[in-house]
Amino acid sequence: MNCFAGIALVAAMAATLIGAPLARSEDTKLAFLIAKPVAPASLPTDVELEKRGARIGRIVIQVDDVFESTLSLSTPYRVVNGLHISTHDATVRQQLLFRTGEPFHRRVLEETERLLRGQRYFNDATVTVVRYNEDNTVDVHVRVHDVWTLSPGISFGRKGGENSSRVKFEDTNFLGLGKQISLARSNDVDRTAWRLAYTDPHLLGSWWNFTTAYSSMSDGSEQALALTRPFYALDARWSANLGLSDEDSAVSRYSLGKRIERFDMHEKQFSVGGGVSTGLRDGWTIRYLGGFRYDARTFTARENEPEVDIPEARTLSYPWVGIEILEDNYLSTRNLDQIGRTEDVYLGRSARMQIGFATTALGSTRDALILDGALRMDWTLAMGAT
């Protein structure tokens with residue numbers, strides 16, 4: 001597991017570096033579309049376009065700098081724009097829920113806006129129809145606004161007579177490709193650790209999400225690997241996931257602020273699953289889920305440590321099934337939780353229920369019924385509050 005996770009991490013990062021484009025795509029010809037803007041009044045309404053069976057024509061992508069260049073910017077802002085690697089057009093294009101030649105639906109354009117705004121490296125996104133063509137196609141303008149994504153962080157604290165510190169470098173839009181990479185070093189009373197993580201939310205331009213992480217700790221190590229295809233849209237028809245993790249670490253017990261016991265813990269986790277859906281119907285989505293989970297934890301005494309009370313080994317191994325119901329109801333707001341950012345608030349009703357049965361026949365240390373569920377309802381109060 002150690003070697004496998006490390007090789008996967010290095011290979012994924014190398015593929016990103018080697019395959020990174022050197023410049024933003026020039027194939028959108030933005031000037032062609034906006035040189036002669038069409039007055040909104042001359043465009044058919046969304047209802048009319050859908051009745052006519054209009055299809056998506058040319059898709060134009062515009063990526064704005066961190067600081068708007070339409071105004072006169074002082075030197076510091078121009079320097080930031082110059083240092084920032086803008087999101088590539090291809091990175092935006094692979095997240096669109098529509099393609100050229102597909103039927104036009106306003107709901108799909110709005111959901112694409114929410115999907116783009118959900119990325120940490122954008123603070124706003126709009127998808128608008130800019131032209132209706134004689135061949136019954138509409139040209140669409142996708143505009144996103146970049147934010148600065150390289151985030152170094154340093155923290156220090158002292159508690160119970162012990163110091164703790166953390167240094168972290170993270171980029172949520174590595175080389176403008178939408179990949180996430182982070183390197184962190186932490187030190188506290190229990191351990192000193194280095195952690196390297198990499199996430200590709202659109203592996204090879206698909207909807208598959210690849211994540212891998214490796215931690216080297218003073219009391220052990222951690223490796224994790226996950227490959228997931230989520231329900232990326234309300235009308236998405238299937239999902240799948242595979243996850244593996246292996247961790248060795250020490251567990252400490254304290255009394256009155258002093259450590260009295262310490263023993264080793266080895267944890268292995270494995271999960272595989274997925275789901276199917278009939279898609280969005282009359283404003284609702286129903287998803288049928290299922291999978292298998294394995295979680296094993298064993299405990300051993302440490303060398304040169306006093307004899308301690310070691311917990312018994314615990315293993316849960318079980319299949320599970322579930323159902324999820326979602327209502328399509330969102331509200332777009334500005335400056336709600338974050339200043340200068342458009343945010344989408346979910347106001348629909350939703351429910352999720354999962355049930356599994358762990359049994360000794362599948363390797364569990366005991367039989368157990370496992371339930372997991374959530375219910376959510378939102379409504380509008382007086383004065384526009386929710």
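The values are calculated or read from the model by the stated rules, or taken from the named source; none is laboratory data. Keep in mind it's a predicted model, so treat the numbers as computed, not measured. Counting neighbours? That spans all protein chains shown, and the Cβs are built from the backbone with ideal geometry, glycine included. Side chains are part of the model used for accessible areas, which takes the heavy atoms of the whole protein and leaves out ligands, DNA and RNA. Shrake-Rupley method; radii C 1.70, N 1.55, O 1.52, S 1.80 Å.
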* **Backbone HN-Hα couplings from phi across the range 242-259 [Karplus 6.51/-1.76/1.60, Hz, Gly and Pro as x]** => 9, x, 9, 8, 8, 9, 10, 7, 9, 10, 10, 10, 10, 9, 6, x, 10, 6
* Mind checking which helices in the chain clear 18 Å along their axis (Cα) and have mean Kyte-Doolittle hydropathy of 0.0 or more, DSSP H runs only? -> 2-19
* Asked: Over the range 51-115, with a single point scatterer placed on each C-alpha, what log10 of the ratio I(q)/I(0) does the Debye formula yield at q = 0.23, 0.26, 0.27 1/Å?
  -> -0.98, -1.12, -1.17
* Asked: Can you pull the accessible area of residue 179 for me, 1.4 Å probe, Å² to the nearest 10?
  -> 20
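Which of rounded, prolate or oblate describes the range 271-317 when judged by the alpha-carbon gyration tensor and an a/c cut-off of 1.5? Before the final figure, lay out the partial values.
Working: a/c = 6.16, a/b = 4.76, b/c = 1.29.
Prolate, because a/c is 1.5 or more and a/b exceeds b/c.
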* To do: Can you spot the aspartates and glutamates whose alpha carbon is less than 16 Å from residue 179's alpha carbon? Ignore those fewer than 8 places along the same chain.
  => 89, 146, 170, 171, 200
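Grab the DSSP H runs of the chain that are 4 residues or longer, score each as -39,500 (n - 2.57), total them, divide by all residues and round the 222 nm result to the nearest 500 deg cm²/dmol. Working shown, then result.
Values: 6 runs with 55 residues, N = 386.
Calculated from helices alone, the mean residue ellipticity at 222 nm is -4000 deg cm²/dmol.
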* Volume per residue, Å³, of the convex hull around the alpha-carbon atoms of the range 324-386? -> 137
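Tell me the carbon and sulfur percent of the accessible area for the range 211-288, rounded to whole percent, probe radius 1.4 Å.
On the way: 2120 of 3820 Å².
Reported share for carbon and sulfur atoms: 55 percent.
So what is the accessible area of the chain per residue, in Å², with the probe set to 1.4 Å? Intermediate values should be presented prior to the final figure.
Working: 21970 Å² over 386 residues.
For the chain, the solvent-accessible area averages 57 Å² per residue.
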* Distance histogram in 10 Å bins (all Cα pairs of the range 94-249, percent per bin) -> 9, 27, 29, 19, 10, 4, 1, 0
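Leaving ligands, DNA and RNA out of it, rank 93, 229, 366 by accessible area with a 1.4 Å probe, largest first.
Values: 93 75, 229 30, 366 150 Å².
Putting 93, 229, 366 in descending order of accessible area: 366, 93, 229.
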* Asked: How large is the dipole of the range 115-198 about the Cα centre if only Lys and Arg carry +1 and Asp and Glu carry -1, each at its Cβ, rounded to the nearest 20 debye?
  -> 560
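So what is Rg over Rh here for the range 110-164, counting just Cα atoms and using Kirkwood for Rh? Please report the intermediate quantities before stating the final value.
Numbers: Rg = 21.5 Å, Rh = 14.9 Å.
With Rh from the inverse mean 1/r over Cα pairs, Rg/Rh is 1.44.
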* Sticking to Cα atoms, compute the Rg of the chain to one decimal and its Dmax as the biggest Cα-Cα distance, whole number, in Å. => 25.2, 83
* Please work out whether the range 83-176 counts as rounded, prolate or oblate from its C-alpha gyration tensor, where a ≥ b ≥ c are the square roots of the eigenvalues and a/c under 1.5 means rounded, while otherwise a/b larger than b/c means prolate and anything else oblate? => prolate
* Where a ≥ b ≥ c are the square roots of the eigenvalues of the C-alpha gyration tensor, would you call the range 219-294 rounded, which needs a/c under 1.5, or, failing that, prolate if a/b is larger than b/c, or oblate? -> prolate
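For 246, 378, give the ranking by accessible area with the largest first, probe 1.4 Å.
Most to least solvent-accessible, the answer reads 378, 246.
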* How do 106, 185 stack up against each other in accessible area, from largest to smallest, with a 1.4 angstrom probe? -> 185, 106
* **Label-point gap, in nm, between residue 238 and residue 360 - each point 7 angstrom along Cα→Cβ** => 3.8
* Where does the longest stretch of the chain lie that holds no GluC sites (Glu not before Pro) found in a DSSP loop with 10 or fewer other Cβ atoms within 10 Å? -> 135-302
* the range 218-354: Rg to Rh, with Rh as the Kirkwood radius over Cα pairs -> 1.15
